[in-house]
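Trainee: Can you read through this structure? Questions will come right after.
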């Protein structure tokens, strides 16, 4: 096959970038592959070109709506049939996508990983030809990685159960250990692990020690030079994004904030203004950047420390994609490590809460279903951590996920109800009439409690789900499902296992994850304070060695500064006062159920929410976040001392 001709015809490029052709030929030969390319190196083409050439639809797993939207828009502009399924679509738009999928009109369909836990979507996939499964941000599958997401772990099982081959895993931030995890999960042969150099000679890496009260001045001074704009400034908190953008705007720069707390419409407007050049500086949390195809970003500046070197590598990769010289600067301050460390420690669940969750799962019967939201509320464990606990039980061979389904659905008729029922066989007419008769009628929607309806009309729940899916696909109805539940089956000797011992094992796993995350943060601090070639140190973390001793283009190589390791600037730690201790003792004596342990009280004082504190509206009290700038372990020690006194 003349791949260069196909490349020119469909994408207008005359040559492949390094690694692309090797990956594409493997996929066209039916072999799965891992593409480990740095940000901006052209990973997307590795599945987009095969998608056009293969018969069927390429299913792309992508974690961000913004990324899906940008890529779908770009593909459609080239005349390639692409679509996305996400929460921003209207019912009519979703219905159109399903119809195009069913009719084989789509070459690429982008979905979030969570969608593959829905029974209706899996049922649709069984009825269409999937030519290729592409998984973006594939490092999320590794429990040892910097951004483990339980939904990703299940992708390997879905691929196996639906016989989805070949699989293309893509990432820009995998260490050697994580890359091995990815290949093992998807059965990727070692020779199909295609990795290109992370080195970008046009990026000028710079580490600038900077006290917290000097950052705004340094940032404004740096961005005053037109040669470093357009620019992306990364921050940790949403409020910081707003404050920094406002300060830069007052300095005369066209700066806007971007973060997850904004409406999708406002985020889209900011992103579009940046892409058009109307906004010279975008100040963003990590919610911004994935899939942004803007080649002329002249600088990426980290106003706060990134959480990991993986995050740093990915974010600086958004600069200088046009090959022109670009600045990547980190304003390094030790203060930034405190909230990042607190997030890590605050996510570790209480041992007793983990045991309660384990007992609930292992004692629910041989086959059962649960609501993760309800489990989160019952155990006071954040939903993502609940999902992680369940994933660990799966990894330990105690549970097997069976299906995901909704407790109820609101049906809106797009045609007259009698017309929806007519036109079918007599048996199907009776079935539909009975099904609709089992619902609760409102002015706009017919609400069906699906399990109850199945029992009432004496039909399998699967038949009801398939019937509603078919009616939706044909434009007869729309659905608004609610109450997501996940089904599981106990495996092996799960029912006989001691929940306390299982929970103790999980507590050890969480302690190890906590230690690994703390180590990653320590690596960032060490990276920002060390002397020597910055590029060489960064590449070494990802298992890549420079052929020469130093890169010659980072700030150290150009200036020789700093000459030795430095201590990052830090605001002096605030001492605990008698008033602080009295505040802690007062909270202990209130005996609030949601603050019943030293760790839960510490989380609260450090400004970290939990399901229980949110439900009790304690986050509105002045004590919440009173010690947000103090290290978690320091606050915990003070709380434990006060607790011992109270007893």
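Trainee: Evaluate the range 35-42: report whether one residue or more is crowded, with 19+ Cβ neighbours inside 10 Å, in contact with a strand residue (DSSP E or B) (Cβ under 6 Å, 6 or more places away or on another chain), under 29 Å from residue 316 (Cα atoms) and at pLDDT below 95.
Mentor: yes
Trainee: Test of understanding: among 251, 264, which residue is more than 13 Å from residue 288 (Cα to Cα) and modelled with pLDDT under 95?
Mentor: Going through 251, 264 in turn, the sole match is 251.
Trainee: Could you list, in sequence order, all residues of the range 561-588 that are in a helix (DSSP H, G or I) and either in contact with a helix residue (DSSP H, G or I) (Cβ under 7 Å, 6 or more places away or on another chain) or surrounded by 15 or more Cβ atoms within 10 Å (Cβ to Cβ) (or both)?
Mentor: 580, 581, 583, 584, 585, 587, 588
Trainee: Residues in the range 368-384 that are in a helix (DSSP H, G or I) and under 19 Å from residue 618 (Cβ atoms): how many?
Mentor: Of the residues in the range 368-384, 5 are in a helix (DSSP H, G or I) and under 19 Å from residue 618 (Cβ atoms).
Trainee: From 420, 385, 411, which residue is surrounded by 18 or more Cβ atoms within 10 Å (Cβ to Cβ) and free of Cβ contacts under 8 Å to residues at least 40 places away in the same chain?
Mentor: Of 420, 385, 411, the one residue that is surrounded by 18 or more Cβ atoms within 10 Å (Cβ to Cβ) and free of Cβ contacts under 8 Å to residues at least 40 places away in the same chain is 385.
Trainee: Take the residues in the range 121-148 that are at pLDDT below 85 and within 30 Å of residue 99 (Cβ to Cβ), then tell me which one is surrounded by the fewest Cβ atoms within 10 Å (Cβ to Cβ).
Mentor: Ranking the qualifying residues of the range 121-148, first place goes to 123.
Trainee: What is the residue count in the range 232-244 for residues that are in contact with a strand residue (DSSP E or B) (Cβ under 9 Å, 6 or more places away or on another chain), outside any loop (DSSP other than H, G, I, E, B) and within 16 Å of residue 286 (Cβ to Cβ)?
Mentor: Residues meeting the conditions: 8.
Trainee: Could you check, for the range 156-175, whether at least one of its residues is assigned to a strand (DSSP E or B), in contact with a strand residue (DSSP E or B) (Cβ under 7 Å, 6 or more places away or on another chain) and under 24 Å from residue 326 (Cα atoms)?
Mentor: Among the residues of the range 156-175, at least one is assigned to a strand (DSSP E or B), in contact with a strand residue (DSSP E or B) (Cβ under 7 Å, 6 or more places away or on another chain) and under 24 Å from residue 326 (Cα atoms), which makes the answer yes.
Trainee: From the list 341, 329, 355, which one is in contact (Cβ under 8 Å) with a residue 24 or more places away in the chain, buried (at least 23 other Cβ atoms within 10 Å of the Cβ) and not in a loop (DSSP other than H, G, I, E, B)?
Mentor: Just a single option satisfies the conditions, and that option is 329.
Trainee: Report the residue count in the range 589-605 for those that are more than 13 Å from residue 623 (Cβ to Cβ) and free of Cβ contacts under 8 Å to residues at least 24 places away in the same chain.
Mentor: Final tally of qualifying residues: 3.
Trainee: Just checking, does the range 292-311 include any residue being in a helix (DSSP H, G or I) and without any contact (Cβ under 8 Å) to a residue 12 or more places away in the chain?
Mentor: Within the range 292-311 (the criterion being in a helix (DSSP H, G or I) and without any contact (Cβ under 8 Å) to a residue 12 or more places away in the chain), the answer is no, since none of the residues qualifies.
Trainee: Mind listing whichever residues of the range 1-34 are farther than 22 Å from residue 318 by Cα, assigned to a helix (DSSP H, G or I) and free of Cβ contacts under 8 Å to residues at least 60 places away in the same chain?
Mentor: If the condition is that a residue be farther than 22 Å from residue 318 by Cα, assigned to a helix (DSSP H, G or I) and free of Cβ contacts under 8 Å to residues at least 60 places away in the same chain, then 3, 4, 5, 6, 7, 8, 9, 21, 24, 25, 28 are the ones that fit.
Trainee: So, one more: Go through (1) outside the structural domain of residue 555 (by TED's automatic domain parsing); (2) over 25 Å from residue 174 (Cβ atoms); (3) outside any loop (DSSP other than H, G, I, E, B) one by one and return the number of the condition residue 364 breaks.
Mentor: (3)
Trainee: For the range 538-560, which positions are at pLDDT 90 or above, assigned to a loop (DSSP other than H, G, I, E, B) and either exposed (fewer than 12 other Cβ atoms within 10 Å of the Cβ) or not assigned by TED's automatic domain parsing to the domain that holds residue 526 (or both)?
Mentor: Matches in the range 538-560: 560 only.
Table: residues versus (1) touching a strand residue (DSSP E or B) at 6+ places or on another chain (Cβ under 7 Å); (2) assigned to a helix (DSSP H, G or I); (3) modelled with pLDDT under 90.
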position: 319; (1), (2), (3): yes, no, no
position: 337; (1), (2), (3): no, yes, no
position: 349; (1), (2), (3): no, no, no
position: 359; (1), (2), (3): no, yes, no
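Trainee: Only residues that are surrounded by 17 or more Cβ atoms within 10 Å (Cβ to Cβ) and either out of contact with any strand residue (DSSP E or B) (no Cβ under 7 Å at 6 or more places or on another chain) or in a strand (DSSP E or B) (or both): list them for the range 255-270, please.
Mentor: 255, 256, 257, 258, 262
Trainee: For the range 82-104, what are the residues that are part of a loop (DSSP other than H, G, I, E, B), over 18 Å from residue 65 (Cα atoms) and in contact with a strand residue (DSSP E or B) (Cβ under 9 Å, 6 or more places away or on another chain)?
Mentor: Passing the criteria: only 104.
Trainee: Okay, next question. Mind listing just one residue for me: the one in the range 481-502 that is surrounded by 13 or more Cβ atoms within 10 Å (Cβ to Cβ) and over 19 Å from residue 366 (Cα atoms) and, of those, nearest to the chain's Cα centre (by Cα)?
Mentor: 484
Trainee: Filter the range 56-81 for residues that are in contact with a strand residue (DSSP E or B) (Cβ under 6 Å, 6 or more places away or on another chain) and assigned to a loop (DSSP other than H, G, I, E, B); which is surrounded by the most Cβ atoms within 10 Å (Cβ to Cβ)?
Mentor: 62
Trainee: Between a residue in the range 211-239 that is under 22 Å from residue 322 (Cβ atoms) and any residue that is part of a helix (DSSP H, G or I), which pairs come within a Cβ distance under 6 Å, given they are 6 or more apart or on different chains?
Mentor: What qualifies is 231/223; 234/315.
Trainee: State whether the residues of the range 65-79 include one that is over 26 Å from the mean Cα position of the chain (by Cα) and either modelled with pLDDT under 90 or on the phi < 0 side of the Ramachandran plot (or both).
Mentor: yes
Trainee: In the set 151, 177, 181, which member is modelled with pLDDT under 90 and surrounded by fewer than 17 Cβ atoms within 10 Å (Cβ to Cβ)?
Mentor: Criteria check complete, one pass: 177.
The values are calculated or read from the model by the stated rules, or taken from the named source; none is laboratory data. Quantities reported herein were computed from a predicted structural model and do not represent experimental measurements. Cβ: placed from backbone, ideal geometry, glycine included. Neighbour counts: every protein chain shown.
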